[in-house]
Amino acid sequence: MERRSFKEGETIFTAGDASDCAYLIVVGSVHVHLPSGRTKVLGHGEIFGEMGLIDSRPRSATVVAAEYCVFASYSEDELLNSIKTHPDEAVAFIKALIGRLREANEAQHRAGRSGFTMDNFFG
């Protein structure tokens, strides 16, 4: 794990970039510009960049520092090892992914589209 810092307004990564690490926000906050056009703010203790790291796909969003930020960056091996060896971190990671899935579901339903839901996942 390595510490990295970014200045306000600095782009951390852009949609389409290769996924080479995930970030845990230690100080500051970021704006996540989603493909839908929405912007989400993430702050202290939240993780981003993990999806592409885990499924080896390009970045799905553009992330910009909303203020001065310090992150802990994790390579794929470091992230997976952390999940395996630190159950509390694994639970927090799973909760974050479930929260993002729920938000995506709600956005799909608000837009009148049917998307991936927990019902059709288990059904």
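The values are calculated or read from the model by the stated rules, or taken from the named source; none is laboratory data. This is a predicted model, so every value here is computed, not measured. Here the Cβ is made from the backbone with ideal geometry for all residues, glycine too, and neighbour counts use every protein chain on show. Note: accessible area is taken over every heavy atom of the protein model, side chains too, but ligands, DNA and RNA are not part of it. Shrake-Rupley method; radii C 1.70, N 1.55, O 1.52, S 1.80 Å.
Dipole magnitude of region 7-123 about its Cα centre, charges +1 at Lys/Arg Cβ and -1 at Asp/Glu Cβ only, in debye to the nearest 20?
On the way: 11 positive and 16 negative charges, 107 e Å.
Once rounded to the nearest 20, the dipole reads 520 debye.
Which whole-number percent is the relative contact order of the chain (Cα, under 8 Å, 6+ apart)?
Once divided by the residue count of the chain, the mean separation gives 31 percent.
So if each residue of separation counts as 0.36 nm, and I subtract the Cα-Cα distance between ARG102 and LEU34, what length gain in nm does that give?
Values: separation 68, 0.36 × 68 = 24.48 nm, distance 1.51 nm.
Result for the pair: 23.0 nm of gain on full extension.
Please report, as a whole percent, how much of the solvent-accessible surface of the chain comes from carbon and sulfur atoms (probe radius 1.4 Å). Mind dumping the intermediate values first?
On the way: 4170 of 7650 Å².
Result for the chain: 55 percent of the exposed heavy-atom area is carbon or sulfur.
Could you put GLU76, GLU50 in order of accessible surface area, largest first, with the 1.4 Å probe and the full protein assembly present?
Largest accessible area first, the list is GLU76, GLU50.
Please report the accessible area of TYR74 (heavy atoms, 1.4 Å probe, ligands and nucleic acids excluded) in Å², nearest 10.
30
How large are Rg and Dmax for region 59-117 when only the alpha carbon atoms are used, in Å?
15.2, 41
Which longest run of the chain has no exposed loop site in it, a site being trypsin sites (Lys or Arg not before Pro) in a DSSP loop with at most 12 other beta carbons within 10 Å, and the site itself not part of the run? Could the numbers behind the result be given before it?
Numbers: sites that count: LYS7, ARG38, ARG113.
Answer - 39-112.
Test of understanding: in a Gaussian network model of the chain with alpha carbons linked when under 10 Å, which of SER36, SER75, SER60 would top the mean-square fluctuation ranking?
Judging by the Gaussian network model, the answer is SER36.
For the Cα atoms of the chain, what angle does the longest principal axis make with the long axis of helix 76-85, in degrees from 0 to 90, nearest 10?
Once rounded, one gets 80 degrees.
Return an integer: the convex hull volume of the alpha-carbon atoms of region 1-73, in Å³ per residue. Working shown, then result.
Values: hull volume 5.4 nm³, N = 73.
Convex hull of Cα atoms, per residue: 74 Å³.
Cα axis of helix 87-110 to longest principal axis of the chain: angle in degrees, 0 to 90, nearest 10?
Computed tilt is about 50 degrees.
Taking θ = phi - 60°, what integer Hz values does the Karplus form 6.51 cos²θ - 1.76 cosθ + 1.60 yield along region 19-34, in sequence order, with x for Gly and Pro?
Values, residue by residue: 8, 10, 6, 10, 10, 10, 7, 9, 9, x, 8, 10, 9, 9, 8, 7 Hz.
Give, as ranges by residue number, the residues of region 48-72 whose backbone N falls under 12 Å from the point 7 Å along Cα→Cβ of VAL27.
68-72
Between TYR68 and LYS84, what length in nm is gained on full extension when 0.36 nm per residue of separation is reduced by their alpha carbon distance?
On the way: separation 16, 0.36 × 16 = 5.76 nm, distance 3.09 nm.
Here the segment from TYR68 to LYS84 would lengthen by 2.7 nm.
Return the inverse of the average 1/r over all pairs of distinct C-alpha atoms in the chain, which is the Kirkwood hydrodynamic radius, in Å to one decimal.
Numbers: mean 1/r = 0.0655 Å⁻¹.
After inverting the mean inverse Cα-Cα distance, the result is 15.3 Å.
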